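Trainee: I have a structure here, written as structure tokens, and I will follow up with some questions on it.
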Amino acid sequence: MAVSSQFDSDFLVIGSGMAGLLFAINAAKAASVTLLTKAAVTETNTAYAQGGIACVWSTGDSFQAHVEDTLRAGAGLCRREAVETIVHGGPRAIDELVRLGARFSRANGADGADYDLGREGGHSQRRILHARDLTGGEIMRALIEAASALPNLQILENQLAVDLLIGPAGAGNGGVARCLGAYVLDRADLSVRPHTARVTLLATGGAGRLYQNTTNPAVACGDGVAMAYRAGAAVANLEFIQFHPTALHHPADSFLLSEALRGEGARLRLPDGTPFMERYHQQAELAPRDIVARAIYAEMARHGLDCVYLDITHREADFVQRRFPYIVERCRAVGIDPTREPIPVAPAAHYLCGGVVTDLSGSTSIPGLYAAGEVAMTGLHGANRLASNSLLEAAVMALRAYDAAREEAFAVQVKAAGVALPALDSTPDADVEEVPRLMWEGAGIVRSNEGLERASQRLSLLRERHRPFDKGPLTPDEVEGENLLTVAELVVRSAISRKESRGAHYNVDCPSRSDSSWQRDTVLVRPAS
Ligand code: FAD
Ligand code: SIN
């Protein structure tokens with residue numbers, strides 16, 4: 001049943017990862033849905049997810065334990081209600097993924113678990129459902145197959161959302177300005193057109209591309225955070241960029257080496273074979289991610305190294321091959337055999353813990369605009385996300401957002417009339433290419449007041465050099481460049497303002513955590529012009 005009349009579709013979904021697809025599949029049961037994505041539908045952070053999805057599944061585990069592990073990793077900034085809601089929502093989300101065709105690796109039935117449950121850093125229990133070592137690829141396969149079968153769901157590739165379309169606060173919209181869709185750039189002919197909808201879901205993922213070394217694919221430019229901020233939505237906690245401890249360090253390739261390797265006993269070693277994690281945390285290799293990443297950084301600095309080594313050679317080669325086929329194959333392609341030799345690794349930017357502020361229905365501060373997945377800030381992650389809680393959050397929140405958006409879409413009398421093309425302010429020049437290096441150096445794993453100030457000044461210079469958008473068609477590079485610059489500015493601003501160290505934000509000039517002054521979110525809202 002497609003009920004749209006004055007709108008291009010009832011629901012507009014921006015992004016084809018786990019959050020966007022799951023929302024769209026549900027919404028398309030009873031309404032018309034357009035899902036657009038800026039590249040191929042498969043090109044998402046979700047597709048590269050390795051370790052898996054955290055969920056209380058075995059009889060030996062409990063919701064309480066998962067909640068406590070999440071709160072501990074989040075270093076005092078999680079919202080307890082968000083943690084409880086999302087952790088408790090796990091089994092429903094897993095059932096939905098399985099119903100849609102996702103096949104997780106099976107166990108032999110030990111401990112009441114029908115699935116093989118992996119272990120990762122910061123978790124007190126084995127609770128990671130996975131599809132060998134490429135869980136996200138399997139989830140994407142299942143969701144794309146399910147989505148392709150739905151007549152009400154139109155998927156448009158190579159369509160880059162440029163800006164949100166905020167409708168006038170006229171009588172037709174109940175006197176409130178609301179999101180009525182987005183302006184979209186077609187990569188084929190560089191035309192920009194409005195796409196209107198009753199409700200819009202922002203599911204644009206993360207911003208790893210802000211940094212020179214990252215596990216994220218090229219699509220992760222922080223577009224959703226930048227668009228939402230420009231539209232006046234509240235964004236928060238952007239200083240909490242999570243660095244994954246172990247990305248392959250090799251001139252020919254760099255990709256994630258899943259925490260599940262450490263969950264299965266892999267050790268971190270210096271070049272001479274000495275393990276070092278016990279010196280940093282009692283959980284050693286399975287300490288929360290911020291601690292492991294900083295420990296590696298410290299050892300690299302102390303010994304003047306480019307990398308340390310991840311060693312799983314003590315496990316049976318057959319086991320390693322069977323459990324981690326993707327990692328083994330990709331390492332062998334560059335001449336490293338993980339079953340026989342330690343793998344060179346270094347930390348890389350991985351996950352945006354902050355984002356567009358939402359409540360537990362996925363609603364943002366702009367009526368008609370929802371956000372789910374990595375782009376959103378629900379309060380689950382606090383200052384540091386617990387491993388494999390991201391896919392969990394994306395799935396649970398996509399379902400919850402749909403439950404709420406369905407109500408809102410048809411309850412409110414909204415109008416899409418009077419929509420004009422955007423007044424595009426400015427676009428960055430090519431210097432924006434400097435942003436990832438500048439962020440790595442000034443706002444990376446270990447920060448300082450001076451480094452952050454230097455990054456801030458350099459970003460201001462880049463901003464000043466913007467040329468007015470007065471000639472030629474807008475290009476995807478310009479849009480992504482503008483977004484990277486905007487999000488970099490917001491990250492640095494947030495990091496400068498937080499005068500303490502907590503979770504993924506570590507500043508050598510204020511190395512302690514200060515709950516009396518800083519146990520609060522860093523919320524930013526663009527001043528009305
Ligand atoms: P994504 O899957 O990133 O999808 C975003 C979508 O938005 C893409 O389709 C993109 O093209 C589109 N998009 C972006 N901007 C625009 C725009 N302007 N216009 C149109 N489309 C746009 N988490 C876990 O919980 N467990 C793991 O094991 C795990 N492993 C990971 C491994 C890697 C290598 C990486 C990079 C991340 C991993 N994560 C993991 C994190 C997790 O994968 C992501 O946080 C999660 O998949 C995000 O899902 P999403 O739907 O929010 O966004
Ligand atoms: C990994 O497999 O190490 C990634 C897990 C995550 O990012 O949650």
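The values are calculated or read from the model by the stated rules, or taken from the named source; none is laboratory data. Since this is a predicted model, take the numbers as computed values, not measurements. Positions of Cβ are backbone-derived with ideal geometry, glycine not excepted, and every protein chain shown enters the neighbour counts. Calculation scope for accessible area: heavy atoms of the full protein, side chains included, ligands and nucleic acids excluded. Shrake-Rupley method; radii C 1.70, N 1.55, O 1.52, S 1.80 Å.
Trainee: Looking only at segment 299-358, count how many residues are open to solvent by less than 10 Å² (accessible area, probe 1.4 Å) and of a type in the set (A, V, I, L, M, F, W, C).
Mentor: Count: 15.
Trainee: Would you say Ala233 is in a loop (DSSP other than H, G, I, E, B), under 17 Å from Pro367 (Cβ atoms) and in contact with a strand residue (DSSP E or B) (Cβ under 8 Å, 6 or more places away or on another chain)?
Mentor: The answer is yes for Ala233.
Trainee: Let me ask something additional. Which residues, taken from segment 112-145, are part of a helix (DSSP H, G or I) and either within 14 Å of ligand 2 (Cβ to nearest atom) or of a type outside the set (A, V, I, L, M, F, W, C) (or both)?
Mentor: Gly112, Thr135, Gly136, Gly137, Glu138, Ile139, Arg141, Glu145
Trainee: Let me ask something else. Please enumerate the residues belonging to segment 41-76 that are within 20 Å of Leu352 (Cα to Cα), among the hydrophobic types (A, V, I, L, M, F, W, C) and within 16 Å of ligand 2 (Cβ to nearest atom).
Mentor: Those that are within 20 Å of Leu352 (Cα to Cα), among the hydrophobic types (A, V, I, L, M, F, W, C) and within 16 Å of ligand 2 (Cβ to nearest atom): Ala47, Ala49, Ile53, Ala54, Ala73.
Trainee: Based on this model, can you work out whether Ser124 counts as in contact (Cβ under 8 Å) with a residue 24 or more places away in the chain, within 25 Å of Arg513 (Cα to Cα), open to solvent by 10 Å² or more (accessible area, probe 1.4 Å) and not aliphatic (A, V, I, L, M)?
Mentor: Answer is yes for this residue.
Trainee: Is it fair to say Gly205 is within 13 Å of ligand 1 (Cβ to nearest atom) and part of a loop (DSSP other than H, G, I, E, B)?
Mentor: When the stated conditions are applied, Gly205 passes them.
Trainee: Let me ask something else about it. From the list Thr34, Thr85, pick out the single residue that is among the polar types (S, T, N, Q), in a helix (DSSP H, G or I) and modelled with pLDDT of 95 or more.
Mentor: Of Thr34, Thr85, the one residue that is among the polar types (S, T, N, Q), in a helix (DSSP H, G or I) and modelled with pLDDT of 95 or more is Thr85.
Trainee: Quick one: which of Val345, Val375 is among the aliphatic types (A, V, I, L, M), more than 17 Å from Thr200 (Cα to Cα) and touching a residue at least 40 places away in the same chain (Cβ under 8 Å)?
Mentor: Checking each option against the conditions leaves just Val345.
Trainee: For segment 284-295, which residues satisfy the criterion of being within 20 Å of the chain's Cα centre (by Cα) and open to solvent by 10 Å² or more (accessible area, probe 1.4 Å)?
Mentor: Listed by number, the residues that qualify are Pro288, Arg289, Asp290, Ile291.
Trainee: Another question, if that's okay. Answer with yes or no whether Gly76 is away from ligand 1 (no atom under 15 Å from the Cβ) and either modelled with pLDDT of 95 or more or under 27 Å from Gly382 (Cα atoms) (or both).
Mentor: Answer is yes for this residue.
Trainee: Looking only at segment 236-260, count every residue that is in a loop (DSSP other than H, G, I, E, B), open to solvent by less than 20 Å² (accessible area, probe 1.4 Å) and within 12 Å of ligand 1 (Cβ to nearest atom) and tell me the total.
Mentor: 3
Trainee: Now a separate question. What tally of residues in segment 46-74 results from selecting those that are under 19 Å from the mean Cα position of the chain (by Cα) and open to solvent by less than 40 Å² (accessible area, probe 1.4 Å)?
Mentor: Qualifying residue count for the region: 13.
Trainee: When both residues are 6+ apart or on different chains and their Cβ atoms are under 9 Å apart, which pairs have a first residue that lies in segment 45-69 and is among the acidic types (Asp, Glu), and a second that is in a loop (DSSP other than H, G, I, E, B) and open to solvent by 50 Å² or more (accessible area, probe 1.4 Å)?
Mentor: Every condition considered, the pairs that remain are Asp61/Ser124; Asp61/Gln125; Asp61/Arg126; Glu68/Ser124; Asp69/Ser124; Asp69/Gln125.
Trainee: Tell me, which residue of segment 279-296 that is in contact (Cβ under 8 Å) with a residue 60 or more places away in the chain and more than 16 Å from ligand 1 (Cβ to nearest atom) is nearest to Val446 (Cα to Cα)?
Mentor: Restricting to residues being in contact (Cβ under 8 Å) with a residue 60 or more places away in the chain and more than 16 Å from ligand 1 (Cβ to nearest atom), the top hit is Arg294.
Trainee: Of these, Leu386, Leu399, which one is at pLDDT 95 or above, open to solvent by less than 10 Å² (accessible area, probe 1.4 Å), more than 12 Å from ligand 1 (Cβ to nearest atom) and out of contact with any Phe, Trp or Tyr (no Cβ under 6 Å at 6 or more places or on another chain)?
Mentor: Every option except Leu399 fails the conditions.
Trainee: Further question: Does segment 261-277 contain at least one residue that is open to solvent by less than 50 Å² (accessible area, probe 1.4 Å), basic (Lys, Arg) and either modelled with pLDDT under 95 or within 16 Å of ligand 2 (Cβ to nearest atom) (or both)?
Mentor: Looking through segment 261-277, at least one residue is open to solvent by less than 50 Å² (accessible area, probe 1.4 Å), basic (Lys, Arg) and either modelled with pLDDT under 95 or within 16 Å of ligand 2 (Cβ to nearest atom) (or both).
Trainee: Continuing with this model, one more query. Does His281 fit the bill of being assigned to a loop (DSSP other than H, G, I, E, B), of a type outside the set (Gly, Ala, Ser) and either open to solvent by 20 Å² or more (accessible area, probe 1.4 Å) or under 28 Å from Gly206 (Cα atoms) (or both)?
Mentor: The answer is yes for His281.
Trainee: If I ask for residues that are within 16 Å of ligand 1 (Cβ to nearest atom) and polar (S, T, N, Q), which ones from segment 28-73 would you list?
Mentor: Thr34, Thr37, Thr42, Thr44, Asn45, Thr46, Gln50, Thr70, listed by residue number.
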